[in-house]
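Here's the structure, in structure tokens; my notes come after.
The values are calculated or read from the model by the stated rules, or taken from the named source; none is laboratory data. This one's a predicted model, so the numbers in the text were calculated from it and none came from an experiment. Cβ placement follows ideal geometry from the backbone for every residue including glycine, while neighbour counts extend to all protein chains displayed.
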Amino acid sequence: MNLAEILVVIPARKGSKGIPGKNKKQLNGKPLIAYTLEAALQIFKKEQICISTDDLEIINIAENYGIHVPFVRPEELATDAASMQDVLIHACHFFTEKKIAYKYILLLQVTSPFRNANHIKEAIELFGENSQMLVSVVASKANPYFNLMEENENGWLIKSKSGHFATRQSSPKVYELNGAIYIINVGALLSKQISEFVAVQKYVMDKKDSIDIDEEMDWEYAEFILGKQLK
């Protein structure tokens, strides 16, 4: 994959219910978004990095890193109801109208501060010619064949997926999306729903690097890990 064919999209809208102002909040001395910007800048030209935001403070942070923010995300794409696919398509169309065509999108979510440039490089190298998407994952402790349960029509708990396995280790291995890295073929993105993709690869990351900051406890854990690394 040619790096010049990749548009890096970093979504960072203003609203955040779990942790207000999360994307620009200081994590161990710098804004959360800075971890993602620094990782992207180690690999890509500034012109390839697109911050999709409706937040003027986020725009200022990006520009302090020398990244020009090409547009302010439209209001209708900055709500809880807006889909990430619509956000990515909006970014694609913006650059297409400028006569700049990209073959792939690298989606880097701000909430993964431990995802670094090496992870991104490895994922790019792994991406197959016939893949529609690559997603970063972490091995999951929870397993639908062994210890994930749901209610049946009678209200009784049953295993989410049928199978007779004595231990979790003997049941099929399952993975959890960690939200750190998505590489998407633009042609596939524009032609069908992401949920309809069938050619999806995995890039496995370890548990610590897979920390996804969604709520206050995640934030405190990330601060603990970063503080420990500095010591």
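Miscellaneous remarks
- Filter pass, Ile158 being β-branched (Val, Ile, Thr), farther than 21 Å from Ile213 by Cα and part of a strand (DSSP E or B): yes
- Number of residues in segment 143-178 that are of a type in the set (Gly, Ala, Ser) and buried (at least 17 other Cβ atoms within 10 Å of the Cβ): the value is 1.
- Segment 124-152: number of residues that are in contact with a Leu (Cβ under 6 Å, 6 or more places away or on another chain), closer than 20 Å to Leu189 by Cβ and outside any strand (DSSP E or B): 1
- Checking Val174 against (1) β-branched (Val, Ile, Thr); (2) without any contact (Cβ under 8 Å) to a residue 24 or more places away in the chain; (3) touching a Ser or Thr at 6+ places or on another chain (Cβ under 6 Å), the condition it does not meet: (2)
- Of the numbered criteria (1) closer than 25 Å to Asn60 by Cβ; (2) surrounded by fewer than 17 Cβ atoms within 10 Å (Cβ to Cβ), the one Phe114 fails is (2).
- Identity of the residue in segment 172-206, assigned to a loop (DSSP other than H, G, I, E, B), over 23 Å from Lys161 (Cβ atoms) and not polar (S, T, N, Q), that ends up farthest from the chain's Cα centre (by Cα): Lys192
- All conditions in (1) surrounded by fewer than 17 Cβ atoms within 10 Å (Cβ to Cβ); (2) of a type in the set (Ser, Thr, Tyr); (3) modelled with pLDDT of 95 or more hold for Ser140, with the sole exception of (3).
- Annotation for segment 176-194: at least one member residue is among the charged types (D, E, K, R) and modelled with pLDDT of 95 or more.
- Output for segment 33-87, where each listed residue is among the acidic types (Asp, Glu), in contact with a helix residue (DSSP H, G or I) (Cβ under 7 Å, 6 or more places away or on another chain) and under 25 Å from Ala101 (Cβ atoms): Asp86
- Every pair of residues 6+ apart whose Cβ atoms lie under 6 Å, when the first sits in segment 147-170 and is on the phi < 0 side of the Ramachandran plot and touching a residue at least 24 places away in the same chain (Cβ under 8 Å) while the second is among the hydrophobic types (A, V, I, L, M, F, W, C) and surrounded by 12 or more Cβ atoms within 10 Å (Cβ to Cβ): Arg168/Phe146
- Residues within segment 204-216 that are surrounded by 14 or more Cβ atoms within 10 Å (Cβ to Cβ) and either over 22 Å from Tyr175 (Cβ atoms) or in contact with a Gly (Cβ under 6 Å, 6 or more places away or on another chain) (or both), tallied: 2
- In segment 191-219, residue nearest to Thr111 (Cα to Cα) [restricted to those that are in contact (Cβ under 8 Å) with a residue 12 or more places away in the chain and of a type in the set (Ser, Thr, Tyr)]: Ser210
- Trp219 meets all of the listed conditions (1) surrounded by 17 or more Cβ atoms within 10 Å (Cβ to Cβ); (2) under 24 Å from Leu7 (Cα atoms) but one, namely (2).
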